[in-house]
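Heads up: the structure comes next, in structure tokens.
The values are calculated or read from the model by the stated rules, or taken from the named source; none is laboratory data. For clarity, every value in this text was computed on a predicted model and none was experimentally measured. Positions of Cβ are generated from backbone atoms using ideal geometry, with glycine treated the same way; all protein chains shown enter the neighbour counts. When the accessible area is computed, the model is the full protein with side chains, heavy atoms only, and any ligands, DNA or RNA have been set aside. Shrake-Rupley method; radii C 1.70, N 1.55, O 1.52, S 1.80 Å.
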Amino acid sequence: MTFPDYIVLGCYFVLLVVIGVYCMRRIKHQEDFFMGGRGFGKLLQTFAAFGAGTGSNDPIQTARNSYTGGVSGMWSVMYWLFVTPFYWITGVWYRRMRHMTLGDWYVERYESKPLGAAYSIFGVTFFMIYGSMFFTAIAKTAAPMITGGDGLPIETIGPFELNQVLIPVIGVIVVLYGIAGGLTAAYFTDLIQGICIIGLSIMLIPIGLNALTENEELNPAGDKSGFEIMHDQLPEGHFDLLSSAGEFSLYYLIAIVFANLLGIVVQPHFIATGGGSAKNENSARIGLVTGNFLKRFCTIGWLLTALIAATLYADVPELIQDPDKTWGYATMELLGPGLRGLMLACLLAALMSSVDAQMVVGSALIVRNLYAPYIKPQASEQHYLWVGRITGALIVTGSIIFSLSINDMLGQLKLNFWFPLVFAAPFWLGMYWRRANTKAAWITVVYCLFFFFLIPYFGPTVFTSWRTNTELTQITPIVETTTMVTASKSELRKQFIIAHDKWAAESEGLSGDALASHQSLEPERVSQTEIRVPQDGQMIHIIAGETKLPVTKRSGGTALFWDKVVPVKEGIEPVLTGTDESADKVVKTLAYPEGTEFQGMGNLKLNLLMFKPLGVDLQTKPSSTLSALELVPKIVMPFVLMIILSFVLPFRNSKEALDRYYAKMKTSVDSDPEKDKQKLEAVYEDPSLVERENLFPNTQLEIQKPTFVDIAGFVVSVVICFIIIAFVFWLAGIGG
């Protein structure tokens, strides 16, 4: 980066701090700091939802997966699309709760301060893990953008790796304005940052398309558009929405959608960004749905940028080795001085717009559900505000520690799929079923902690024999499939650079006749559609569109019940046991020698063990299906357990508390706090004032018939989902 880039970044940071200091002067009470006084309209709620749901990892992750797998790579972010219509319903919930944290909701619904405290610990831990993903992503992108004097990326700063410096520095910036201005500062900066993120999503597209048309190698005649060049260069499978090249199979996507639908409602920041901070219910639901649809359209922009990068930089060794750097590399190559700083500011905006709200909501959980009830119940408002600011800084620090410890975006992402499910069943059942009770909720939460976390992570440490148990060390059959695939032009360029780098590495240390012989095998670019590369001591020609190259993929060997299974004795490798050949495919089966002893590595996949008694043959399932199956018990079992326990246990929550709770949830919010308070007092005295027709009368279920607005908004949202998918189909076909 150059001096103008740092000027842009500096101005951006100063603006954020000024906003934080300005908002700080308006904060007098906890509700001001944690909820912004519940005075936000549709615009700020839209960008709050957009910012909270759009992290710096999203464009980077989409770029990474689309660079390697094409259009299907968008599903690494777009799987949220089919959850979005449900936000039209849930947005109203959080506003009618009239709470500052979801921990408060658990306290009210289950009459249990300890359950609220447990949720607050869960919420803060979730924020640390979730936030760490954003810090990891921004560090991976900023690295190729920050260059030294010789123009090469800086890998270290003194004795530290670059990410070990970047991540803490970015964290300090987030804390500075967030702890000052609370949720109000977060929302005002989210508005600015939302505009920046939208700019980020489209900034590289026109510049990249222009770079494609002006590239003499890719467009020698100068007569093709950028889209035509992409179709000319990239493999045909890169434009398939459900290509097998992607990392997410259909079954896995379906499982993730259900997991996220059930889990998103208990993500702690949803009490604020999901509608709880809005001035009224319309602002809550419209802001939540619109903000999330904005993200879906931005995803298309990230996808298109990634396809441009895959076309332009198919032969860049740095990206071949680490596709996570795709976005940063494209920025460095396509943008000029000043614009690189603006792009980094946009990425920082994506991070900050997520972490700032999480920091404020996380601090609210600690203050309201741990500190105030158990440590200092009678403290002043100013005392609680400062405790909130301190705990907010600690939450960001925790995210930084997780980021530096894991530094793996996909691993962090998968962890977030199931983590919210710990409290999902008590929330969903408590929302709609009177019989759901406190003891059942506690047992369900404990079950989830043990089966999702404690046993899988710590069980093997206590019972070390598990790791070598033959029933637990099974792996799927190992299959090596070699398919002859017609070389695309981008693959041609990739193969040439790989062959040339290998040839150059093998040249080191050679001399005399050996060097002369080796030089005769130097890869050669004959033309834009033909290369000569060495193979088995001789040169072969590879012609784009004609030559079929062997593409070998090894599948199987996946541990069923562990992260990984390896032989106890090092050096043992699988051996060939069979071969099946056809015209364009060779399938080899491999297996470890008979009698090989194995040991499990990593964590135990306890939830997959539940399929053994059912007779499911897990060894025949591909790894993506196994990942989907592992999510199924995490989704289903907590609900089954809590329903059974709620029927069996004699404990019941008090009728008075339940009547007040359900009456409140049926009472529409008035924007005037005093009038809203009066409405609540009236319905507490006479709940029949807000009774609507129950879908299941004379039962314990509290499911009311939806209104016309409920149905219309949901249907329109579903239609928009299909419009987005149709738009991507159309976009993928341009130039083809």
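On full extension of the chain, what length is gained from Asn698 through Val172, given 0.36 nm per residue of separation minus the C-alpha to C-alpha distance? Walk me through the intermediate numbers first.
Details: separation 526, 0.36 × 526 = 189.36 nm, distance 5.54 nm.
This chain segment gains 183.8 nm when fully extended.
Sum up the charges of everything whose Cβ sits under 15 Å from the Cβ of Val174, counting Lys and Arg as +1 and Asp and Glu as -1, but leave Val174 out.
With Lys, Arg at +1 and Asp, Glu at -1, the neighbours total -1.
Report which label in (i) 3, 13, 22, 24, 20, 12, 5, 2, 0, 0; (ii) 2, 10, 16, 20, 20, 15, 9, 5, 2, 1, 0, 0; (iii) 2, 11, 15, 17, 17, 15, 11, 7, 4, 1, 0 holds the value of P(r) over Cα pairs in 10 Å bins from 0, in percent derived from the coordinates of this structure.
Derived directly from the coordinates: (i).
Every cysteine in the chain with no other Cys Cβ under 4.7 Å from its Cβ, please list them in numeric order.
Cys11, Cys23, Cys298, Cys448, Cys721
Tell me, how many Å apart are the Cα centres for the stretch 33-109 and for the stretch 333-405?
Cα centres, the stretch 33-109 to the stretch 333-405: 16 Å.
Kindly express, to the nearest 10 degrees and within the range 0 to 90, the angle between helix 381-406's C-alpha long axis and the longest C-alpha principal axis of the chain.
On a 0 to 90 degree scale, this one is about 20.
So who's got an amide H within less than 5 Å of the one on Phe598, skipping anything under 5 residues away but keeping other chains? H placed 1.01 Å off N, in plane.
Placed amide hydrogens put Val568 under 5 Å from Phe598.
Quick one: compute the contact order of the chain, relative version, from alpha carbon pairs under 8 angstrom and 6+ residues apart, as a percent. Don't jump to the answer; show the numbers that get you there.
Numbers: 1269 pairs, mean separation 161.8, N = 736.
Computed over the chain, the figure is 22 percent.
Report the accessible area of Leu191, computed with a 1.4 Å probe over the heavy atoms of all protein chains in place, in Å² rounded to the nearest 10.
Only protein atoms counted, so the area is about 40 Å².
Starting from the 7 Å offset along Cα-to-Cβ, what nm value, one decimal, do you get for the label separation of Val719 and Asp580?
Here the modelled spin labels are 4.8 nm apart.
Give the whole-number value, in cubic angstrom per residue, of the convex hull volume spanned by the C-alpha atoms of the stretch 9-72.
Values: hull volume 8.2 nm³, N = 64.
Dividing the Cα hull volume of the stretch 9-72 by its residue count gives 128 Å³.
Which value, in Å², gives the accessible area per residue of the chain when a 1.4 Å probe is used on the protein heavy atoms? Walk me through the numbers on the way to the answer.
Working: 31340 Å² over 736 residues.
Using a 1.4 Å probe on heavy atoms only, each residue of the chain averages 43 Å².
In the chain, what percent of the accessible surface is made up of carbon and sulfur (1.4 Å probe, ligands and nucleic acids excluded)?
C and S fraction of accessible area: 62 percent.
Sorted by accessible area (1.4 Å probe), largest first, how do Arg554, Arg368 line up?
Working: Arg554 135, Arg368 75 Å².
Ranking Arg554, Arg368 by accessible area, largest first, yields Arg554, Arg368.
So if I take the centroid of the Cα atoms in the stretch 255-297 and the same for the stretch 675-736, what is the distance between those two points in Å?
Cα centroid of the stretch 255-297 versus Cα centroid of the stretch 675-736: 13 Å apart.
Multiply the residue separation of Gln535 and Asp686 by 0.36 nm, subtract the distance between their alpha-carbon atoms, and state the gained length in nm to one decimal. Intermediate values should be presented prior to the final figure.
Details: separation 151, 0.36 × 151 = 54.36 nm, distance 8.51 nm.
Net length gain for the segment: 45.9 nm.
Between Thr596 and Asp501, what is the label-to-label distance in nm when each label sits 7 Å out along the Cα-to-Cβ direction?
Using points 7 Å along Cα→Cβ, the separation is 2.9 nm.
Relative to the longest principal axis of the C-alpha atoms of the chain, give the angle of the C-alpha long axis of helix 673-685, reported between 0 and 90° and rounded to the nearest 10°.
Result, in degrees: 70.
Given H placed 1.01 Å from N in the peptide plane, which residues other than close sequence neighbours of Phe40 have an amide H under 5 Å from its amide H?
Here Lys279 satisfy the definition.
Using only the Cα atoms of the stretch 457-603, what do you get for the radius of gyration and for Dmax, in Å?
Looking at the stretch 457-603, its Cα Rg and Dmax stand at 21.6, 62 Å.
Run the helix sum for the chain: -39,500 (n - 2.57) per DSSP H stretch of 4+ residues, divided by residue count, reported at 222 nm to the nearest 500 deg cm²/dmol.
Numbers: 28 runs with 436 residues, N = 736.
About -19500 deg cm²/dmol.
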